[in-house]
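So the structure is just underneath, and the comments pick up after that.
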Amino acid sequence: MNFQQFAEQHGLMIDSLILDRWVRVPTVDHPKKRNGAYIWDGREGALINFAVHDKHVLYRSDEPWKPDPQAAAKRRQMEQERLKRQASAANKAAWILNQASLMQHPYLIRKGFEDKGYVWRGSLVLPMRVADRLTTLFMEEVAAAREREVSETYRVIDTQMQEARQRLEEKKRALREFEQKHRGQLPEQVQVNLAIRSVQ
């Protein structure tokens, strides 16, 4: 029995074997999901059907191992296809992120976050790629947005403080003018004036 037949006995549906990495595949009981996984190096392998198995089932071929002459070409093609899919997904994610608006979202409010998030068509956008540039761009944009908000807040406060200083200076100037115009007639000067008159 070869590995593909062994996998079929355990309910895995494998179109063509991929070597040297874990591959998620559909199973007979869940054909629309990838509820199974296998790894195969051409001689030994392991598999699991998550609906049936608690742990991986090991396989070792009794037949002498014959390397696939097309294995390297298949791996290169698979890698190119994977890179294309990743590039396509990254482009789509970047497009969605560019279309999204920075605003409050009910989910964030329910969870107690006052920060704004990126919302696209009513959905909260959360980039999930940790080691990729997309998350870095997202974090940089969030930081820049916060910095803009803080900067705007400081600018408003600074403007209000300057206006308040200006009003205070105007009031001080008006008070000085009033005191000069009414020198000797102010209520706090009445006692001094009476004392001066009584001495004379």
* Structure fact -> Over the stretch 75-98, the set of residues aliphatic (A, V, I, L, M) and touching a residue at least 12 places away in the same chain (Cβ under 8 Å) is MET78, ALA90, ALA93, ALA94, ILE96, LEU97
* To do: Among the residues of the stretch 47-91, write down those that are over 16 Å from ALA37 (Cα atoms), surrounded by 11 or more Cβ atoms within 10 Å (Cβ to Cβ) and of a type in the set (Ser, Thr, Tyr).
  => SER61
* For the stretch 4-26, state whether one or more residues are free of Cβ contacts under 8 Å to residues at least 12 places away in the same chain and touching a strand residue (DSSP E or B) at 6+ places or on another chain (Cβ under 6 Å). => no
* Determine which single condition GLY45 fails, assuming it passes every other condition in (1) part of a strand (DSSP E or B); (2) without any contact (Cβ under 8 Å) to a residue 24 or more places away in the chain; (3) of a type outside the set (D, E, K, R). => (2)
* **Residues located in the stretch 12-32, provided they are under 21 Å from GLN77 (Cα atoms), outside any loop (DSSP other than H, G, I, E, B) and not aliphatic (A, V, I, L, M)** => ARG24
* Asked: Can you find even one residue in the stretch 77-87 that is hydrophobic (A, V, I, L, M, F, W, C) and either at pLDDT 85 or above or assigned to a loop (DSSP other than H, G, I, E, B) (or both)?
  -> yes
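So that you can scan it fast, the table gives a plain yes or no per residue for (1) exposed (fewer than 10 other Cβ atoms within 10 Å of the Cβ); (2) at positive phi; (3) part of a loop (DSSP other than H, G, I, E, B); (4) in contact with a Leu (Cβ under 9 Å, 6 or more places away or on another chain):
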| position | (1), (2), (3), (4) |
| --- | --- |
| GLU149 | no, no, no, no |
| GLU152 | no, no, no, no |
| ILE157 | no, no, no, no |
| GLN166 | no, no, no, no |
| GLU169 | no, no, no, no |
| PHE178 | no, no, no, yes |
| ARG183 | yes, no, yes, no |
* Where a residue in the stretch 99-128 is assigned to a loop (DSSP other than H, G, I, E, B) and its partner, wherever it lies, is among the charged types (D, E, K, R), with Cβ under 6 Å and at least six apart -> GLN104/LYS116
* Structure fact -> Checked against (1) of a type in the set (Lys, Arg); (2) under 30 Å from ALA145 (Cβ atoms); (3) not assigned by TED's automatic domain parsing to the domain that holds GLU141, ARG75 satisfies every condition except (2)
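The values are calculated or read from the model by the stated rules, or taken from the named source; none is laboratory data. Given the structure is predicted, the values throughout are model-derived calculations rather than measurements. FYI the Cβ positions are ideal-geometry reconstructions off the backbone, even for glycines, and counts take in every protein chain you see.
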